[in-house]
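Written out below as structure tokens is the structure these notes cover.
The values are calculated or read from the model by the stated rules, or taken from the named source; none is laboratory data. Everything numeric in this text was worked out from a predicted model, so none of it was measured. Neighbour counts run over all protein chains shown; Cβ positions are idealised from the backbone, glycine included. Heads up: the accessible areas ignore ligands, DNA and RNA and are worked out on the full protein's heavy atoms, side chains in. Shrake-Rupley method; radii C 1.70, N 1.55, O 1.52, S 1.80 Å.
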Amino acid sequence: MKKVVIVLAAIAVLAVAGVFLLVGNLDKIIKGALEGVGSELLGVPVAVDAVELELKSGAGQITGFTIANPAGYSDKNAFQMDTIRLGIDLGSLGSQPTVIDELTIQSPMIELEAKADGSSNLQTLLDNIDKNGAKADKKAVETQPESEGTKKGEPARLRFNKLSITGVTVNAVVAGKEPETVVIPDIVLENVG
């Protein structure tokens, strides 16, 4: 009996240590997943400087998110963003709608490059998503469990208490035209969805 108790205690200690190790490295795991899945889906390198999660509060932040340009375009990133913050009302998970307390996107920059034949770097990235994402989408739909507030096949609904997109810049280089920079007005909305 004493050996059984010792073995169970050892298993419990290992399980607790495993949970702490997982939670302690969760930021790194998510960063790696964003970069790996993003790169596979877009067909270009995707990089993230840092991911910071606060599991107890349902909040998280991604900083330094970049998407490289596809082959045949400049060495600049097609897209980069300083910060994205997300806060979820944990009590709303598994029900409809899921409540997003805050979604803040700061300083996204888009580099649009269009060639004389009508092709563009952004269209190439969208085509890559279509090509590489079809299988992933089908698999996700097939394996998505039903939650108590969602029927199978029903789209997830979201409600945003605060949605903020600030500092958006689009740099456009179109064949045969002068380069142009467009600054999009900030968007700050409350109670959307």
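Nearest 0.05, what FRET efficiency do GLU102 and GLU154 give at R0 = 25 Å with Cβ-Cβ as r?
0.50
Could you state the accessible area per residue of segment 24-76 in Å², with a 1.4 Å probe and every protein chain left in place?
That works out to 57 Å² per residue.
Give the ranking of VAL188, VAL182 by solvent-accessible surface, highest area first, calculated with a 1.4 Å probe.
Ranking VAL188, VAL182 by accessible area, largest first, yields VAL188, VAL182.
With 24 Å as the limit, write out which pairs from LYS28/LYS162; LYS131/LYS177; LYS31/LYS115; LYS31/LYS56; LYS28/LYS76; LYS28/LYS131 have Cα-Cα distances beyond it, or answer none.
Beyond 24 Å: LYS28/LYS162; LYS131/LYS177; LYS31/LYS115; LYS28/LYS76; LYS28/LYS131.
Need one number: nm distance between label points at LEU86 and LYS115, each 7 Å from Cα along Cα→Cβ, rounded to one decimal.
It works out to 3.4 nm between the two label points.
With a sphere of radius 11 Å drawn around the Cβ of ALA59, what net charge do the other residues whose Cβ falls strictly inside it have (Lys, Arg +1; Asp, Glu -1)?
On the way: positive: LYS56, ARG85; negative: GLU52, GLU54, ASP89, ASP101, GLU102.
Once all neighbours under 11 Å are counted, the net charge is -3.
To the nearest 0.05, how large is the calculated FRET efficiency for ASP130 and GLU190 if R₀ is 35 Å and r is the Cβ-Cβ distance?
It comes out at approximately 0.55.
If Lys and Arg each add +1 and Asp and Glu each add -1, what is the summed charge of the other residues whose beta carbon sits under 11 Å from the beta carbon of GLU111?
Overall, the nearby charge balance is -1.
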